Structure formats: structure tokens, C-alpha cells
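Q: The structure under discussion is supplied below as C-alpha cells; questions concerning it will follow.
The values are calculated or read from the model by the stated rules, or taken from the named source; none is laboratory data. Predicted model, so just to flag it, every value in this text is computed and none were measured. FYI the Cβ positions are ideal-geometry reconstructions off the backbone, even for glycines, and counts take in every protein chain you see. Surface accessibility is based on the protein's heavy atoms, side chains included, excluding ligands, DNA and RNA. Shrake-Rupley method; radii C 1.70, N 1.55, O 1.52, S 1.80 Å.
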Number of protein chains: 2
Amino acid sequence: MTVAEAGVPAHPAVNVYAATLEEIREAANRIEPFAHKTPVMTSKTLDSLADCYLHFKCEIFQRVGAFKFRGAMNSVLSLSDEQAVHGVVTHSSGNHAAALACAARIRGIPAYIVIPSDAPQCKVDAVEGYGGLITRCEATVDARESTATSIQQRTGAKLIPPYNYGPTICGQGTMALELLAQVPQLDAIVVPICGGGMTSGIAVVAKGIKPGIKIIAAEPTGLNNAADVAASKDAGRIVECARPVTIADGLRGRMGDLTWPIIKDLVDEVVTVSEQEIVAAMRLLFERMKLVVEPSGAVGLAAVLSPKFKAYLRGQEGGLQNVGIILSGGNVDLAAAGLWENLLVAGYK
Amino acid sequence: MTVAEAGVPAHPAVNVYAATLEEIREAANRIEPFAHKTPVMTSKTLDSLADCYLHFKCEIFQRVGAFKFRGAMNSVLSLSDEQAVHGVVTHSSGNHAAALACAARIRGIPAYIVIPSDAPQCKVDAVEGYGGLITRCEATVDARESTATSIQQRTGAKLIPPYNYGPTICGQGTMALELLAQVPQLDAIVVPICGGGMTSGIAVVAKGIKPGIKIIAAEPTGLNNAADVAASKDAGRIVECARPVTIADGLRGRMGDLTWPIIKDLVDEVVTVSEQEIVAAMRLLFERMKLVVEPSGAVGLAAVLSPKFKAYLRGQEGGLQNVGIILSGGNVDLAAAGLWENLLVAGYK
């Protein structure tokens, strides 16, 4: 923690939220035996497209293939033995579900996972692979919540929310401690945003350690222009939007009462991106960096390559030379896109 | 070079070939300012599928996305100034063409690249991107060779063959110096084989530094059962086969008079794999390790997961605990397989 030890005065606001820098440092110690310290990768080709130096924090190489393991592991390890013995429960069709199942298995406690009926099979398989105890329910928020509640009542399991929860936010923030130790010269960090758990944790760490750093949230507009973080930041209050229709399946949630105050105060800019920009960014990551990144995970690069970000870059005094981008996860169902069959057809030339 | 300095006695044969351990060490020094030292990655999931510890040497992260840069850079840097000024020439539709164009640009000399008419457009684009001077020709060996010869006669450029050439073999061998320094406990290295340049270089280094190490060549049978290395090793002489019809487009060539003696003496085993096994290995690398690997590059993992390799593993005294696998390149045309369009259709759930 080179940077942390340098003793730079912290941003005044960072100790008033649901996650503090000190708690995030404790989370880092807690999960250190179990989480991977993910590498930072670079690409000269992408630097030249972006007009700055890009530093990609590869959470695609995190356990379960996504940053969500950090928050889930920290949440599970933060339980007392009395709480832990009854297990944990969540409702999710995404990486949080697999992460919680994996973290619970490591502690040796049951993980009850409520999965809505519209979840892709590959995600269900992942949860099963980590030994999660699956209950299927209808694909509505009501059904998910009531199913989880009834499991809680029956088992005494602890509900672990995917983002609006202190220990989850603290776990996600640990990646920023790593990133700033790996690349102390960062001027900005670009983070895909949904519920805001990752962005909150990163913002608390980064502003706490390096107050001048910029935090940029990257958000899909979706097919239905449902960019709620940008709208909320503009309005200064949480603005309700329709559920986003986006290929970025990890970014279809909403900010909560614990994450919004941090996003409101510490996020400097929100950059929205189109579906086409997301796929173009994925393609660059696959082709130029040889990295498999899911649509949600590519949203940060899509933002950095957008005209709005380039204008923002130029507008900063002294410019932003070094930009961190979180590649948040790599769990994309390429079989559903027919890749493996199509390769065997297209591959003979 | 921890391992190299340990002073283990070399295999008696390694100094009689077109590339020696000493020459490969010189090549490593020569290309060091330009080539990437590629990382070694691991995966617990794949270890458990393989029943041993796998160490993946990620040449997908090499410049131009493939190991071929090592040989091309060494070949270009080995030219005298008098030779170099006239440029270099080769005929190739694959990674060697892009690698030679890139290496020539670094030295500031022209690269004349003869590309057959059936080459995929993405490969032509790559050569163009590195400033290669392209001549198209008919898709026959005769046309390729005669076109290259006429360019040589016109320009005085030096022909740089893709594998059957000492400086190329030496360049490829440098990856084994790195790998054995990164993972000194390796018991075996599994290498995708085609013309044998990479396998030769690796074998000379590995047997020279660690005589007991096993070198296993991995080869596609193709749709037409054209596994010439296996057939040649069995016969003890080069056996001519039909050109392999395989998705592994980097492995459609033939051994030469410089590589065959090394393959004959130093390769311990050849494991052949089917087209389906290659795609299954690619899928594991994409899904479990988040790495984009081209079909040719996945042939090593396909071999390791095959029943024949597992039987070989069990047959070794004391077992083979630590196996290196070369992920030789990551240049696969996912656009040709329709991936980016299909994602935008399949991605809304």
C-alpha cells in the first residue's frame, strides 16, 4: 500500500458514508487470503485511440470471473460465527449470486440463492457449480424479495445485498487500494455503474488517498434511454427511470440509499454509452488485448473512447494523462451467441 | 535466468542443430528491448480437469498477438546493416507476416509480404497496419515462392522463412528461457506444432537446461487425418501427408530440414487432437480463463485434456506434476464467426 502510506490528507467527506477508507482497508486484510490480486494491463493501440495512457484493472481474472467476489467474500467473512452458521441468502441472476455461493463455500456455510425464471442457464450453472442452494421464482422484483424473505424466516440465513450494503461496498473498494498501489500516477478512474456498490467503494478509497483524482461513472443508455445515474446526478436526487434494456446485463439495477450519497458527492462525471459503443469496446478488448470481457465490463472503455470523455479530458487543467479503467467481469455467454458452432463453420479457409 | 545459471549439465545433443542454447540466449538479449516478457497464468478449474498443475505461457499477449514476433524480431535484428537496408521478404498469410512487418518497421526497413489470394481479410489488414508492402498472389505454394523470389531479385531483400531458419528458431526458443525462469519446477512443456520452429527452439532450450523435462508436440488431425508430425515420428523420417484441413489455420504447414532433426531427437511424444477437441479447449480458455486464444493456440490444452495425454501422464515415473502449455497466439477472426452481430441479438434477456 505504497500510496496509502504516503500520508496524503484524505478528502473531508470520505468518513461519513456506509463505507469508510479504514473499513475498506480492514476488508482488504480480511479477503486477502482468498481473493486474487488482479493484474493491470496496458495496450499501446488503445492508448493511441484514447489519447491518454490507459491502465486496465483486470477483475475478469478475479475469482468467479468478476469483482463481485470481493464484496461477497468480505460480507461472508464479516459475519459472526453465530450468524454464519445459518448461512447467507440473496436474490440475483448474475455475478453476485455466483460470488456469494463461492464465498459461502469457502467459509463452509450454506448459500441460498433465489434466481428468477428469466436468468440465463449459464449463470444458474455457475451458482450450482459453487454449491449454491437454488430456489427459482418468477421474474419480478416482488417475487424475488418475497422468496428471499421466506427463506430467511425459515433458515435464519443473513441477507447479503449485491450493492446497497456496507460490507459489500467495502469489499468492492479493495480493488482501488490495489489499483492505486499498482499505478500511483493515476489521474482518473472510470467505473461501470449500476447499483453503485463498486463505484462507491472505489470513490471512497481513491478520494481518501488521492483527493485530486477524478471518478468517472460509465453507464449504458440502453435501448430505452434509461440512464438513471446521469439523470440523478443532474437532478441532485435519485431519479426513477424505467429498467434499462441493455446488453450490459450486469448494469440493470438501481442505486440505493447507501450508495447514492457517495455517488452524489464523489463521482465527478457520468458518461453514457450506446449499445453499439459497448460492443465496439468489447471487440477492441477481445481483438487487441486478447481479453474476454462481458458487456457490463466493457462499458468503462466504451465511455473513455466516446467524444464526451475526450472533451472532458481536454477540459481538465493539465489534462488527464493516466486513466484507470475497471474491467469488472468476463462472464459472457458466447455459446448463446452461437460462437462455438459458427467457428467450426467459418474456420476452414 | 535462475534456471540457466544453476549449471545443470546440458542434454548432449543440443549443440548440433540449426539453433543452439547459446544462440538462443543471444537472441533473448537481442530482442529483449522490443519483445514482451509474457506472463504465465494458472486456473484451478483447468488443473482439476487435467489432473496436474498447468502453467499457461501467454504468448497471446506477445506483440502482434503471437509468438511469431520473437522469431521475426530476432531475424530482422540479426541482419547486417548492408543486408538490412534492402529489406526483408516472406510469403505468409498468418502471424509470421504481421510479425515480420512489425519487426521491420521497428528497424526502419521495408517488409515485402506476399499474401495468397485466399488469406482472410483480417490478416491482410494486420500486415497493412504494420506498414508491410503487400503483393497478392495465387493460393499455391508455387505462386507464393515464385512471387517472393522475384521480389528478392528486384529489391535485394532478405527472405525470412517462418520456421525453417536458424534465427527464427532461436527467436521462438527465447520463450522457453522465460518460461523455465518463471516456473522452474516444470516437468513437461506442451507445444502446438506445425513447421516445428517453435517446438525446436523450445526443445533445445528445455533439454539443454533441464535434460529430464518432457517435450510434447500437439498436432491437429484435421478433417482429413493429416497429422504428419505424428506419422513422421513413428516412421523416423519425414512422411508426406495431404495439407491438413483444420480450423487451426496456423498449423497447416510442414516441417523442414532444419526443424525435423530437432523434432526427431528431442520431442518425447506427439499427441493428436480432433477439431472438436480444439474448439472445446478454446471454449475453456475463453470461459474459465477469460483469454482469447486462436484455434492453433488452443491445441496444446486440447492435447493435455485428451485421454492419450492422461495415459502418458500416468505412465511417467513419479508422474508429471507441472505441465507448461504454450498459448501461442490470439488472432482469431470472431467477426467472421458473426460474434459481434449475434451478441447484439442474443444479449437482451
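Q: Please report the antiparallel percentage of DSSP beta bridges with both residues in the protein assembly as shown, rounded to the nearest 5.
A: 10 percent
Q: Shielding of B:274-280 by partners, i.e. mean partner chain Cβ atoms within 10 Å per residue?
A: Across the residues of B:274-280, the mean count of other-chain Cβ atoms within 10 Å is 2.
Q: Which residue fluctuates the most in chain B, going by a Gaussian network model with Cα springs under 10 Å, if the choices are B:Leu284, B:Leu100, B:Leu334?
A: Among B:Leu284, B:Leu100, B:Leu334, the largest mean-square fluctuation in the Gaussian network model of chain B belongs to B:Leu334.
Q: Which percent, nearest 5, of DSSP beta bridges in the range B:68-159 are antiparallel?
A: Of those bridges, close to 0 percent are antiparallel.
Q: A further question follows. Kindly provide the trypsin sites (Lys or Arg not before Pro) of the range B:232-276 that DSSP labels as loop, not H, G, I, E or B, and whose Cβ sees at most 11 other Cβ atoms within 10 Å.
A: Values: sites: B:Lys233, B:Arg237, B:Arg252, B:Arg254, B:Lys264; in loops: B:Arg237, B:Arg252, B:Arg254.
Here the sparse-neighbourhood loop sites are B:Arg237.
Q: Within chain A, which is the longest segment containing none of the GluC sites (Glu not before Pro) that sit in a DSSP loop and have at most 15 other Cβ atoms within 10 Å?
A: The longest uninterrupted stretch comes out as A:1-137.
Q: Using Cα positions and a limit of under 16 Å, work out the lysines in reach of A:Lys123, with same-chain residues fewer than 8 apart set aside.
A: A:Lys68, B:Lys290, B:Lys349
Q: In Å² (nearest 100), what accessible area is buried between B and A, both sides summed, heavy protein atoms only, 1.4 Å probe?
A: That pair of chains buries around 3600 Å² in total.
Q: If you build a Gaussian network model of chain A, linking Cα atoms that sit under 10 Å apart, which residue out of A:Asp81, A:Asp249, A:Asp268 swings the most?
A: A:Asp81
Q: Taking the label point as lying 7 angstrom from Cα along the Cα-to-Cβ axis, what are the distances from B:Asn29 to the corresponding position in the remaining copies, in ascending order and in nanometres?
A: 4.8
Q: Quick check for me: using +1 on Lys/Arg Cβ and -1 on Asp/Glu Cβ, what's the dipole size of the protein assembly as shown about its Cα centre, in debye to the nearest 20?
A: 260 debye
Q: List the residues, sorted by chain then number, that are 5 or more residues from A:His36 or on another chain and whose placed amide H is less than 5 Å from its amide H.
A: A:Arg63
Q: Step through the residues of the range A:276-292 one at a time and calculate ³J(HN,Hα) from phi using the Karplus curve (6.51 cos²θ - 1.76 cosθ + 1.60, θ = phi - 60°), rounding each to whole Hz and writing x for Gly and Pro.
A: 5, 5, 5, 5, 5, 5, 4, 4, 4, 5, 5, 6, 8, 10, 6, 10, 8
Q: Right, next: Count the DSSP beta bridges whose two residues both fall in chain A, then state the antiparallel fraction as a percent rounded to the nearest 5.
A: Taking every DSSP beta bridge with both residues in chain A, the antiparallel ones total about 10 percent.
Q: Now, a different point. For A:Val114, which sequence-distant residues (separation of 5 or more, or a different chain) have an amide H within less than 5 Å of its own amide H, given hydrogens modelled in the peptide plane?
A: Those qualifying (amide H under 5 Å, at least 5 residues apart or on another chain) are A:Thr90, A:His91, A:Ser92, A:Thr135.
Q: Please list the non-local residues whose amide H lies under 5 Å from the amide H of B:Leu79, H modeled 1.01 Å from N, same-chain partners needing a gap of 5 or more.
A: none
Q: Now for a different question. List the residues of the range A:205-231 whose backbone N lies under 20 Å from a point placed 7 Å from the Cα of A:Lys308 along the Cα-to-Cβ direction.
A: Taking a point 7 Å out along Cα→Cβ of A:Lys308, the residues of the range A:205-231 whose backbone N falls under 20 Å are A:214-231.
Q: Which whole-number percentage describes the relative contact order of the range B:68-159, with Cα contacts under 8 Å and a sequence gap of 6 or more?
A: Result for the range B:68-159 is 32 percent.
Q: Using a Cα-Cα cut-off of under 17 Å, which aspartates and glutamates could be cross-linked to A:Lys158, ignoring same-chain neighbours fewer than 8 residues away?
A: A:Asp81, A:Glu82, A:Glu145
Q: A further question follows. Cα gyration tensor of the range B:196-325, axes a ≥ b ≥ c as square roots of the eigenvalues: rounded (a/c below 1.5), prolate (a/b > b/c) or oblate?
A: oblate
Q: Would you mind giving the mean number of other chain beta-carbons within 10 Å of the Cβ of each residue in A:39-46, as a whole number? Intermediate values should be presented prior to the final figure.
A: Working: counts 2, 0, 2, 0, 1, 1, 1, 0.
Mean partner shielding for this stretch: 1.
Q: Another one. Counting only protein heavy atoms and using a 1.4 Å probe, what share of the accessible area of the range B:68-159 belongs to carbon plus sulfur, as a whole percent?
A: 48 percent
Q: Which value in deg cm²/dmol, rounded to the nearest 500, describes the helix-derived mean residue ellipticity at 222 nm for chain B, given -39,500 (n - 2.57) per DSSP H run of n ≥ 4 and division by the residue count?
A: -13500 deg cm²/dmol
Q: Quick one: putting +1 on the C-beta of Lys and Arg, -1 on the C-beta of Asp and Glu, what dipole do you get for chain A around its Cα centre, in Debye to the nearest 20?
A: That gives chain A a dipole magnitude of about 380 debye.
Q: Per the Kirkwood treatment, what hydrodynamic radius in Å, one decimal, follows for chain B from the mean inverse distance over all distinct Cα pairs? Kindly include the intermediate steps, with their values, before the conclusion.
A: Values: mean 1/r = 0.0494 Å⁻¹.
When all Cα pairs of chain B are included, the Kirkwood radius is 20.2 Å.
Q: Here is a follow-up. Once you sort the root eigenvalues of the Cα gyration tensor of the range B:68-159 as a ≥ b ≥ c, which label holds: rounded (a/c under 1.5), prolate (a/b larger than b/c) or oblate (the other case)?
A: Numbers: a/c = 2.01, a/b = 1.28, b/c = 1.58.
Judged from the Cα gyration tensor, the range B:68-159 comes out oblate (a/c at least 1.5, b/c at or above a/b).
Q: OK, next. Connecting C-alpha atoms closer than 10 Å in a GNM of chain B, tell me which of B:Ser80, B:Ser232, B:Ser43 has the biggest fluctuation.
A: Comparing B:Ser80, B:Ser232, B:Ser43 in the GNM, the peak value goes to B:Ser80.
Q: Now a separate question. Under 1.5 on a/c is rounded, so check that first for the protein assembly as shown, then, if it is not, pick prolate when a/b is larger than b/c and oblate when it is not; a ≥ b ≥ c are the square roots of the alpha carbon gyration tensor eigenvalues.
A: Verdict is prolate for the protein assembly as shown.
Q: Hey, if you put +1 on the Cβ of every Lys and Arg and -1 on every Asp and Glu Cβ in the protein assembly as shown, which of B:Met198, A:His55, A:Val16 ends up farthest toward the positive end of that dipole?
A: Selected residue: A:Val16.
Q: Going by Cα centres, the range B:73-109 and the range B:243-286 are how many Å apart?
A: 25 Å
Q: Treating only the Cβ atoms of Lys and Arg (+1) and Asp and Glu (-1) as charged, compute the dipole magnitude of the range A:231-312 about its Cα centre; round to the nearest 20 debye. Intermediate values should be presented prior to the final figure.
A: Numbers: 11 positive and 11 negative charges, 26 e Å.
Using Cβ point charges on Lys, Arg, Asp and Glu, the range A:231-312 gives about 120 debye.
Q: Mind listing, in residue-number order, the residues in the range A:317-349 that have at least 50 Å² less accessible area with every protein chain present than in their own chain alone (1.4 Å probe)?
A: A:Ala337, A:Leu339, A:Trp340, A:Leu343, A:Leu344, A:Tyr348, A:Lys349
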